[in-house]
Amino acid sequence: MSDPDLRFSVLGPVRAWRDGAELDVGSPQQRLVLAVLLTAGGRVVGQDQLLDALWGQARPRSAVGTLRTYVSRLRAVLGAEVIASVGSGYALTTGTCDLADLDELARQGRPGEALALWQGEPLAGLDGGYAHAQRARLAERRLALLERRLGEDVEEGRHAEVVAELTTLCAEHPVRERLAGLLMTALYRSGRQAEAIGVFTDLRKLLADELGVDPSPELAELYRRIITADAAFGARPQEAAPAAKPVPAAKPVPRQLPADMTDFTGRQPDVEQVTRALREGGGSALVISAVAGAGGMGKTTLAVHVAHRLAAAYPDGQLFVDLQGAGPRPLAPEVVLGGFLRSLGADAAGVPEELDERAALYRSVLAERRVLVLLDNAASAAQVRPLLPGTAGCAVLVTSRARLAALSGARHLGLEAMRPEESLALLAKVVGQERVAAEREAAHELMRACGYLPLAIRIVASRLAARPGWSLARMLGRMADERRRLAELRVDDLAVEATFALGYDQLDEAHARAFRLLAVPNAAGLTAPAAAAVLDVPEAEAEELCEALVNVHLMESPAPGRYRHHDLLKLYARSRLEGEDVRRQVLDRLLGHYLAAMAWIIGEMYPGDPVLDPARTYGPRPPFADLDAAIEWGQAEEQGMLCCLHQLAETPGTGLRDAVSLFDMMSLVFDFESSTTAYEQMAERLVAAAAERGDRATEAHARRKRGEILYSRRAVEAAAAESRAVRACGEARLVDHAGAVNVLAMLAHDRRAYEEATALYEEAITTWRALGHRSEEAVIMGNLALVLAEAGRGAEGVRAGELAADITRELSGGRPNPQIVYQLGVALGAAGRHEEALARFGEGRAEFRRLKQRAWEGLTLRRMAETHLGMGRPDRAVDHAEESLAMLHEADRGWMRGKALAVLGQALSGLGRLSRARACLAEALTIMERQGSPDAADVRALLAGLDPPRVSYSSASEPQV
């Protein structure tokens, strides 16, 4: 969370400011939602966790909808981009919080400043178990900081000044031994030995009476030193005995560390982790693969920085060597040992030749010393093992491109790219804060182009520092072309491409091929089955190849079984590809994998419809356990499939017809849930690609899908134009002809041209039936049920809906399509069979939720609200309409929200909440007028009269594409 203009506070009342002006973050419950997100520190908070924080076990039926309302309101105040939806949860994406300031100050050892952040009771005014638990946690945190600050005061000679504060704290926390120890020390150093002894005596009695335990050994030792008047313990820092004159070292003390970077920036958690691991070694020899990472990730810089911080703890010297593990000829351990032994004072003539003997002598020389050994750029654990000390007192810090898993006893840290804010800080330190502040947006984009890789950032920063007349935007423009970006990342003897080449050149052919081919897809990552398709090898072999590349940090594995390249490594890998044919073959194999997987899902959701040519082999698919697992896979892979489709459209000679088939299946399964805009843009690109290649049949298929997408967002004229063009195209397949007729029927339906819509639906049904597409026949039969219901032919609508449901039950072994269940519910409601309608809606909603189709679930909730209105239950209608609005907002379905707002307005009117009802109806009218919907006239009439609730507004026009 990095926007400095947006600040939050939880160390007191939950508050927010933008540009110094306080924002109204709403009611206590709404502030509690914000507090939960803030205490998560940018991590995703699941829906269930938020619901537990708000209501515990006493959740109301409308809990989910209310939560979404709170989130929507917070977004309205803070900015839509501040709270991101991730799965069913949420995360804060920007802004600074006093909790983060607290963590940073505590990490830097500044407890006094950290304590000053408190502005009263944390989360003040918020109730519930979560708020109480956080207050208790933060109270303990504050007490620990107080102890730390008071400990510093005592050790720095301010013992007399803190006696009163410690006395109060000990009274408030009578069994806290750390406070008692500090008070004893402060009293003793203030010349009040008897009182210090009394503190211990009182605490010992209290612990025995209350808890049945004795004071800790540490406190008992403190007591012993006080009662024996230990002179060293009582001395103030300024009164300590003068240091003894240094004795000249009898042995050489090597100081071989390279210079620390004066502009070292960021990496604080990594620095602390490595430093803490070395310090916690307790004097034992400790090996750490602390900075394993890709070339250019800053491993050496970080290791040298940590080594300088720790140098004073190793007074007998610091050894350093570049083991040259990334190059073709790593240094032999015996060569390294020879240099180390000479540096440690061994007689060159007495150094043995054999590796084992040299290693033994090295361990003997280090046995009585405290030395820090920095082994940079190791090739393998075998290279490192002979260089390890054998006894306590020394520490070893290793860097390597590979994770040295075979190094026994090592503590491992994989170094990743810098965080965006760290990258900007490094850039500002080199080129100047003023230049970065003047072009903030260009600076952000420049760091993104560098992939947040430290070497790339340092190269760009050095080039800019050497050219003060260059703007950051100019440098960004030079890097805009991905084909030239690596060439731009070069200055003097530093070059990103050369660094990558060192690792690539060590690969055998199989791994080098995998490294190149896996970089072809634009997807953010690939699963093991997708990688197998790309490489044209079995899944197990693909996973082994990927894991080997991860081990040498030429690929990353953000989750088990998922793989990706760093952005710059992807560009490097693509630069090593051998011709466009290889790229086309990779994309076609990946397309075959996606087609096979999506065809299986379609077969489960819409059984009975031919999807792919059974005579062709398309590729391996993941072994789905069931439809739920397949849907989860599909949602995870949706963006990857869209990326693949875009590449296929841009690459001549690829299987465009199959690409449009994949797009068709995706639109059926995901119902544009991720982004209507992204799907519309993809359809446009596929139409253009088919036209460019002169493939009229594929163009008609893509135009039919584009017409359906345009209809879904109520771009009426454009949807009609596309559908008429497909209907008139002689090369169009019959399935595309039938699909276009269905869109034209839905458009007529929306205009309330019921006879025209009925005729068109019947035409489409006849075509689907002739083609043997039973599921499509059932869906259009359901659409017919809707238009019959709205035309006042309720009984006929119910019969059509039941026939459609019967077809899908027959095809799927008793489980009907939820969209058809929904359509039947609408027809039943129109026929006055409200209880049956509610039952069907409940059945459909459960299935939509399982399939993660939020727009359809929101639509069903709105229908349930309408039905409750018809049954004289405006209170129940309000609950369902509110839930519908929240869900449709997340699904980005604005025109559907207009209808939900109309229903909510009627329900609120029925409860006598006329002002809010009027606001809802006015917003609904604005949406409908913008869409040119005939429903606008109904809402206008409602606004004019605000009559008591009745189902005067109840459109049946949500037919199915």
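The values are calculated or read from the model by the stated rules, or taken from the named source; none is laboratory data. Everything numeric in this text was worked out from a predicted model, so none of it was measured. All Cβ positions, glycine included, derive from the backbone under ideal geometry; neighbour counts span all protein chains shown. Ligands, DNA and RNA are stripped out before the accessible areas are found, and what is left, the full protein with its side chains, is counted by its heavy atoms. Shrake-Rupley method; radii C 1.70, N 1.55, O 1.52, S 1.80 Å.
Placing +1 on the Cβ of every Lys and Arg and -1 on the Cβ of every Asp and Glu, with no other charges, gives the chain a dipole of roughly 1140 debye about its Cα centre. Take every DSSP beta bridge whose two residues both sit in the chain; close to 45 percent of them are antiparallel.
Normalised by 2.2 N^0.38 Å, where N is the number of residues, the alpha-carbon radius of gyration of region 48-172 equals 1.41. For a straight C-alpha distance cut-off of 25 angstrom, no lysines are reachable from K251 once same-chain residues fewer than eight places away are disregarded.
When you restrict to C-alpha pairs under 8 Å that are six or more residues apart and normalise by the size of region 582-704, the relative contact order lands at 28 percent.
Given that just one value was derived from the coordinates, which of (i) 63, 41, 23; (ii) 49, 33, 29; (iii) 139, 77, 27 is semi-axes √(5λ) of the Cα gyration tensor in Å? Entry (i).
Packing, taken as the mean count of other beta carbons within 10 Å per residue, orders the peptides 487-498, 363-374 from highest to lowest as 363-374, 487-498. Size of region 621-756: Rg and Dmax of its alpha carbons, in Å, are 15.4, 47.
Ranked by the mean number of other Cβ atoms within 10 Å per residue, highest first, peptides 209-219, 706-716 order as 706-716, 209-219. Under the criterion of Cα pairs below 8 Å and six or more residues apart, the relative contact order for region 475-633 equals 21 percent.
The convex hull built on the alpha-carbon positions of region 280-405 has an orientation-averaged projected area of 7.5 nm². Built from the Cα atoms of region 106-214, the convex hull projects on average onto 8.4 nm², one quarter of its surface area. Would you mind checking the tilt of helix 177-189 against the longest principal axis of the Cα atoms of the chain, expressed as 0 to 90 degrees and rounded to 10? Result, in degrees: 30.
For the chain, give the percent of accessible area contributed by carbon and sulfur heavy atoms, probe 1.4 Å, rounded to a whole number.
Ligands and nucleic acids excluded, carbon and sulfur reach 51 percent.
Each residue, S462 and E218, gets one label point 7 Å from its Cα in the Cβ direction; the gap between the two is 4.6 nm. For a label point 7 angstrom out from the Cα of D628 toward its Cβ, which stretches of region 825-852 have the backbone nitrogen within less than 11 Å? 850-851, by backbone N distance to the label point. The C-alpha atoms of the chain define a longest principal axis, and helix 854-870 lies at about 50 degrees to it.
Calculate the dipole size of region 579-655 relative to its Cα centre from +1 charges on Lys and Arg beta carbons and -1 charges on Asp and Glu beta carbons; express the result in debye to the nearest 20.
300
Which listed residue (L278, W856, A425) has the Cα farthest towards the positive end of the charge dipole for the chain, taking +1 on Lys and Arg C-beta and -1 on Asp and Glu C-beta about the Cα centre? Sorting the options by dipole projection puts first A425. Considered as an equivalent ellipsoid built on the Cα gyration tensor, region 579-655 has semi-axes of 24, 15, 10 Å, the largest given first.
A straight Cα-to-Cα reach below 26 Å connects K899 with the lysines K705, K852, residues fewer than 8 places away in its own chain not being considered.
Quote to one decimal, in nm, the extra length available between A559 and R279 on full extension: 0.36 nm per residue of separation minus the C-alpha distance between them. Could the numbers behind the result be given before it?
Working: separation 280, 0.36 × 280 = 100.80 nm, distance 3.09 nm.
This chain segment gains 97.7 nm when fully extended.
Between the listed residues P258, G12, A76, the Cα displaced farthest toward the positive end of the dipole of the chain, a dipole computed from Cβ unit charges relative to the Cα centre, is found at G12. With both labels modelled 7 Å from their Cα along Cα-to-Cβ, the D493 to E541 distance reads 4.3 nm.
Karplus-based coupling profile of region 15-28, in residue order and whole Hz: 9, 9, 9, 10, 6, x, 9, 6, 9, 8, 9, x, 5, x, with θ = phi - 60° in 6.51 cos²θ - 1.76 cosθ + 1.60 and x standing for Gly or Pro. Estimated from helices alone, the mean residue ellipticity of the chain at 222 nm is -19500 deg cm²/dmol (sum of -39500 (n - 2.57) over DSSP H runs with n ≥ 4, per residue). The loop-placed GluC sites (Glu not before Pro) in region 527-634, going by DSSP, that have at most 12 neighbouring Cβ atoms within 10 Å of their Cβ come out as E578. Taking the Cα atoms only, what angle lies between the long axis of helix 299-310 and the longest principal axis of the chain, rounded to 10 degrees? Taking the Cα atoms of the chain, the angle to 299-310 is about 40 degrees. Remark: the chain carries 42 Å² of accessible area per residue (probe radius 1.4 Å; ligands, DNA and RNA excluded). The protection proxy used here, the mean number of other Cβ atoms lying within 10 Å of each residue, ranks peptides 797-804, 583-590, 418-425 as follows, highest first: 797-804, 583-590, 418-425. Projecting the Cα atoms of G451, A473, A438 onto the charge dipole of region 367-493 (Cβ charges, centred on the Cα centre) puts G451 farthest toward the positive pole.
Mean separation of Cα pairs under 8 Å and 6 or more residues apart, divided by the residue count, gives the chain a relative contact order of 6 percent. For region 387-479, a simple Cβ point-charge model (Lys and Arg +1, Asp and Glu -1, everything else neutral) yields a dipole of about 260 debye relative to the Cα centre.
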